[in-house]
Amino acid sequence: MAEANKEVLIKNKLWIYNQIKRGKVGSIWHCTVYISRDNRPMRSLKTKDKEQAREIALKTFAEIVTQSSSTGSTSPKDIKSFAKKYISEYELKHKNKEKGGSLPNLNRQKNIIGKFLLAFCEYKNYKKPKDIPSNFSSLYIEWRKEDGWKSTGVDQKGDHINGANTKKVIPKESTIFNELQTLRKWSEYLVDEGIIPKAIKIPTRTSFVPAEDDDDSKNPPFTPSDYKKITAAYRRWIKRKDGYDRRTKAVLYKFFLISTSVGWRYGSEGVHMKWSGIKGFKTQINKIKGEEREMLISRITIKDTKRNKVRNGEFVNASHIVELKEMYEEWAVENPDLRPDSNQWMFIDPKTGNRITQAQVYDTFKEKIIPDCDLERNDYTYYSTRKYMISTRIAEGADPYILCKMTGHDERVMIRHYVRINEEQSAGRATGVSYTSKESNSTWKPLWETTTASKKS
């Protein structure tokens, strides 16, 4: 079939060439190039001047040959016609209630393909798909930030569109990136149609879209009673015989406990932790709400892989970290690869030997743990572990501004979402070390010298 189509294409090329050679470019008076066997007009030369028609026809023929060689297609359609056809397919999907044909998706195609794409191509004078340059994404980004609002804020007559911007508005990087994703899919459609050889390239989200501070979200911290219910559910799950490796369950539970004590971003920080980030431990007596408690404090260096930032802090409840280390040392008797090492991932799935994943942590929490709890509210996410740590420390008298440095929080977000306490409650300091009432004579010890017997918490 492919060979037959190729033969027809060659014959069509020869027919056009012969017509040009004989001075018969289609009908001279209509000056149209025919490139199909049924002499269907495909490309008008838009002139009645014979010599000019001949010159344009030769140029057009050369373009057809080049386009055919590079894409396998001789289609003369312009970007506007392909955009219209693409949108019409989504209209049909919407009409037939097919997958991908939702009204929001249809409106997205109309807005980005039917509006932004055409306005950008008109601004750059791109007429045909072959005009699309290799650096399309970079040029589109520049246009959207600088001149896009001018073209998209007026109709075809140049009149202002009701409700559109009348002054420069720079869209967010996330907005532009979402547009680029839609444009890439449109270009993939052109590739499938044989119009262009390859789809446009777009930047990765992480390289283009600045990481948003997830702290400014609605995920609530656990209430104290719900926290107890969740930890109890984890312990029940570990005992349950459901085919899930019990050691893996224990690691995921320790990850939860450490997350609620350290308050890291579990996806970009927690699962990426290595043992080298645990700098040391010491015991310390803290006075919390008038009661003295001896705790094991950890000194940790946390790297935020999403924002490429590093911060240091001293955190309470460090016994969970020591217990995790001892678990791996026990399992290392049978599998030496699990023995904690400074360059080793801190959270490894004992069954697979691979680092635990963000999806593994979150899916377990949502599918195994939360359904097994009778909680006061139903809108917790794993990000609630971070908020629980912060809200708990503030309730114990921690200084919110020191907490900001420890957790990498934006101060404005901290005040807006967490500080709901009076001056007396906020009179303390942030870490166990910072709001100490009375210290023991304990000194910092490295991870490898700290054992369960050395902690009292």
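Read-outs throughout are calculated quantities, based only on the coordinates presented, and are distinct from any laboratory measurement. Here the structure is a predicted model, which is why all the values come from computation and not from measurement. No Cβ is skipped: glycine too gets one built from the backbone with ideal geometry, and neighbour counts run over all protein chains shown.
Here are the numbers:
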item: Neighbour-count ranking [beta-carbon atoms within 10 angstrom, fewest first] of GLU330, GLU89; result: GLU330, GLU89
item: Sparse-neighbour loop sites [trypsin sites (Lys or Arg not before Pro); segment 333-399; at most 10 other C-beta within 10 Å; DSSP]; result: ARG377
item: Cα-Cα over 29 Å, subset of LYS77/LYS201; LYS228/LYS282; LYS77/LYS172; LYS254/LYS405; result: LYS77/LYS172
item: In Hz, Karplus ³J(HN,Hα) per residue of segment 108-117 (6.51, -1.76, 1.60; θ = phi - 60°; x = Gly, Pro); result: 5, 5, 5, 6, 7, 7, x, 10, 5, 4
item: Sorted by Cβ density within 10 Å, fewest first, the residues ARG293, ARG236; result: ARG236, ARG293
item: Order of THR301, THR283 - criterion: other Cβ atoms within 10 Å of each residue's Cβ, fewest first; result: THR301, THR283
item: For segment 79-208, alpha-carbon Rg over 2.2 N^0.38 Å; result: 1.05
item: Karplus-derived 3J(HN,Hα), 6.51/-1.76/1.60, for each residue of segment 250-265, Hz, glycine and proline x; result: 5, 5, 5, 5, 5, 4, 4, 4, 5, 4, 6, 9, 8, x, 6, 6
